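First the structure, then my questions, so here it is.
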Amino acid sequence: MSDAWPTPPEGLCTLPAVIETEVAILGAGIHGAALARELTLRGVACALVDKGEVGGGTSQWSSQLLHGGIRYMLTGDITQMREGLIERATWARIAPRRCRWEAFWMPHRFLVEGLAHRFGIGLYDHWGADRPGWPPELKLGRVPRATFEADPRAVGGPFRGATAYADLMTWDRELTKDLAASSGAVLLDVHEPETFEDAGGNLTTLHLRDRRDGTLRRLKAQRWVFALGPWTDKAMARWFGETRKRLRLSSGIHLWFDAVAGCERPWAIRRPKGRILFVIPRDGLLQVGTTEREVEEGWVPIVEAEREELFQALEANLPAIPWRRLPVRSEELGVRPLVASSGDTTHLSREAVLERHGRFQNLSLVLGGKLTTARALMDRLATELTGRPCAASKTEPLRLWDGQNPEIR
């Protein structure tokens, strides 16, 4: 990928020059699309605005996992982990055609580590026992020695066995598009927000430029929500001259190799600083990642040092596979927005914050967050905005944006 905002698609937008709605949502990633669905379920008119396409930014560069966060077992953030496990089950109910259960293997190097894994993973799977549609052929707990040793990743490496745990894989961009398709939002994708009008301490109007043909439009709304992910601070500086840093940004990369025969189950390998190295067979390829570094922008290129660090980690942990000779079919870098605080980004929480803006009374900002808990967070925000809870949010199936089922292997 060479550009966070690719060339706009062909075709013209037929929307009028002036659009009025109740709630305007800026950012058509997982949070913005989820909020559009939540408002629609409550009968509230909304518009969904994005400089690019729906799901075209950070929402297509995640780990593509809907999970409780096995790393939280290591960092002790049990509350956030259990919230993720609850939401994992909700996604399995409302988006079964975009999700696939898997038995992940976490390998261990010695007996004591293996016992610790079985205890911790046992709790993880106990708290996450609600697994709608779980395939009975997938087995959890201790991986039989013969099965483990048959995997080429086990050959010649430091690992002596593995414990299997459950998690949910997804197609993140398609999931985001499904959320948008499940809403009645007026879609203003590939529209560049330019300037705002305000009156009496409230935002009133947004001036937009259609990136396809330069057409100017005005969007009027009673309430505004910015779900801009890692671009939040930059946008607030540009539009309102704000210098406050609300977020710290952490990047992670994924490389996609040709499939390796015998690598059937996803692996999750513990690394220093609470990080996890994933090696996941999916869609006919082998996905590996992720390294982590703090960055300043919502879009940054992959640097050679990141690739090298990832190759070294693969060679140290899985030496039987000739990683440097395997063709890299694609690579991607995602930037995680973390709520600003002190300390190394590897230890910062992925917990999100909903902020009511101090200057504009009708503006809310979504800060931080992650794929797994996006629906729950936007359910909460929609309830705060409307005063109306909605039980159907957890049960109403998503509409497929393309009308097709994904190919599930």
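The values are calculated or read from the model by the stated rules, or taken from the named source; none is laboratory data. Being a predicted model, the structure only gives us computed values, none of them experimental. All Cβ positions, even for glycine, are placed from backbone atoms using ideal geometry, and neighbour counts span all protein chains on display.
So Tyr72 fits all but one of (1) in contact with a helix residue (DSSP H, G or I) (Cβ under 7 Å, 6 or more places away or on another chain); (2) touching a residue at least 60 places away in the same chain (Cβ under 8 Å); (3) more than 24 Å from Leu255 (Cβ to Cβ); what number is the exception?
Going through the list (1) in contact with a helix residue (DSSP H, G or I) (Cβ under 7 Å, 6 or more places away or on another chain); (2) touching a residue at least 60 places away in the same chain (Cβ under 8 Å); (3) more than 24 Å from Leu255 (Cβ to Cβ), Tyr72 breaks only (2).
Among the residues of the range 109-151, which ones are among the small types (Gly, Ala, Ser), part of a helix (DSSP H, G or I) and touching a Gly at 6+ places or on another chain (Cβ under 7 Å)? Can you show your working first?
Let us first name the residues in the range 109-151 that are among the small types (Gly, Ala, Ser), namely 114, 116, 120, 122, 128-129, 133, 141, 146, 150.
Narrowing further to those that are part of a helix (DSSP H, G or I): 114, 116, 120, 122, 146.
If the condition is that a residue be among the small types (Gly, Ala, Ser), part of a helix (DSSP H, G or I) and touching a Gly at 6+ places or on another chain (Cβ under 7 Å), then Gly114 is the only one that fits.
If you don't mind, there's one more thing I want to ask. What number of residues within the range 96-108 satisfy the criterion of being over 26 Å from Arg399 (Cα atoms) and either part of a helix (DSSP H, G or I) or not aromatic (Phe, Trp, Tyr) (or both)? Outline the logic, then answer.
The initial filter retains those residues of the range 96-108 that are over 26 Å from Arg399 (Cα atoms), namely 103-108.
Okay, now just the ones that are also either part of a helix (DSSP H, G or I) or not aromatic (Phe, Trp, Tyr) (or both), so 103, 106-108.
Residues meeting the conditions: 4.
For the range 288-308, name all the residues that are surrounded by 15 or more Cβ atoms within 10 Å (Cβ to Cβ), more than 20 Å from the chain's Cα centre (by Cα) and at pLDDT 90 or above. Walk me through how you get there before you give the answer.
Filtering the range 288-308 down to residues surrounded by 15 or more Cβ atoms within 10 Å (Cβ to Cβ) leaves 288-293, 295, 298-300, 302-303, 306-307.
Cutting the leftovers down to more than 20 Å from the chain's Cα centre (by Cα) gives us 303, 306-307.
Result: Arg307, single match.
Within the range 6-95, considering only helices (runs of 4 or more DSSP H) that don't extend past its boundaries, which have at least 3 residues that are surrounded by fewer than 21 Cβ atoms within 10 Å (Cβ to Cβ) and out of contact with any Ser or Thr (no Cβ under 9 Å at 6 or more places or on another chain)? Steps first, please.
On the way: elements: 30-41, 72-75, 78-94.
Ranges flagged: 78-94.
I'm trying to understand the selection: among the residues of the range 319-342, which are among the basic types (Lys, Arg) and in contact with a strand residue (DSSP E or B) (Cβ under 6 Å, 6 or more places away or on another chain)? Don't jump to the end; show me each part of the working.
As a first pass, look at the range 319-342 and keep what is among the basic types (Lys, Arg): 324-325, 329, 336.
Arg329, Arg336 - these are the residues of the range 319-342 that are among the basic types (Lys, Arg) and in contact with a strand residue (DSSP E or B) (Cβ under 6 Å, 6 or more places away or on another chain).
Residues of the range 71-99 being aliphatic (A, V, I, L, M) and under 15 Å from Arg131 (Cβ atoms), which ones? Spell out the reasoning first.
Just the residues of the range 71-99 that are aliphatic (A, V, I, L, M), to begin with: 73-74, 78, 81, 85-86, 89, 92, 94-95.
Answer for the range 71-99, where residues must be aliphatic (A, V, I, L, M) and under 15 Å from Arg131 (Cβ atoms): Leu85, Ile86, Ala89, Ala92, Ile94, Ala95.
If you scan the range 337-358, which residues turn out to be in contact with a Gly (Cβ under 7 Å, 6 or more places away or on another chain), farther than 20 Å from Ile276 by Cβ and either at pLDDT below 85 or assigned to a loop (DSSP other than H, G, I, E, B) (or both)?
Ala352
With respect to the numbered conditions (1) buried (at least 21 other Cβ atoms within 10 Å of the Cβ); (2) without any contact (Cβ under 8 Å) to a residue 60 or more places away in the chain, which one is the sole condition not fulfilled by Glu194?
Here Glu194 clears every test but (1).
Could you check how many residues of the range 81-95 are under 19 Å from Phe278 (Cβ atoms) and out of contact with any Phe, Trp or Tyr (no Cβ under 6 Å at 6 or more places or on another chain)? Even if it seems obvious, please write down each step before you answer.
Start the filter on the range 81-95 by keeping residues that are under 19 Å from Phe278 (Cβ atoms), which leaves 81, 84-85, 88, 91.
Add one more test, that the residue is out of contact with any Phe, Trp or Tyr (no Cβ under 6 Å at 6 or more places or on another chain), and what stays is 84, 88, 91.
Result for the range 81-95: 3.
What do you reckon, is Leu115 free of Cβ contacts under 8 Å to residues at least 40 places away in the same chain, surrounded by fewer than 24 Cβ atoms within 10 Å (Cβ to Cβ) and of a type outside the set (Gly, Ala, Ser)? First the steps, then the outcome.
Numbers: free of Cβ contacts under 8 Å to residues at least 40 places away in the same chain: yes; surrounded by fewer than 24 Cβ atoms within 10 Å (Cβ to Cβ): yes; of a type outside the set (Gly, Ala, Ser): yes.
Yes, satisfied.
Only one of (1) surrounded by 14 or more Cβ atoms within 10 Å (Cβ to Cβ); (2) outside any strand (DSSP E or B) is not met by Ala162, so which one is it?
(2)
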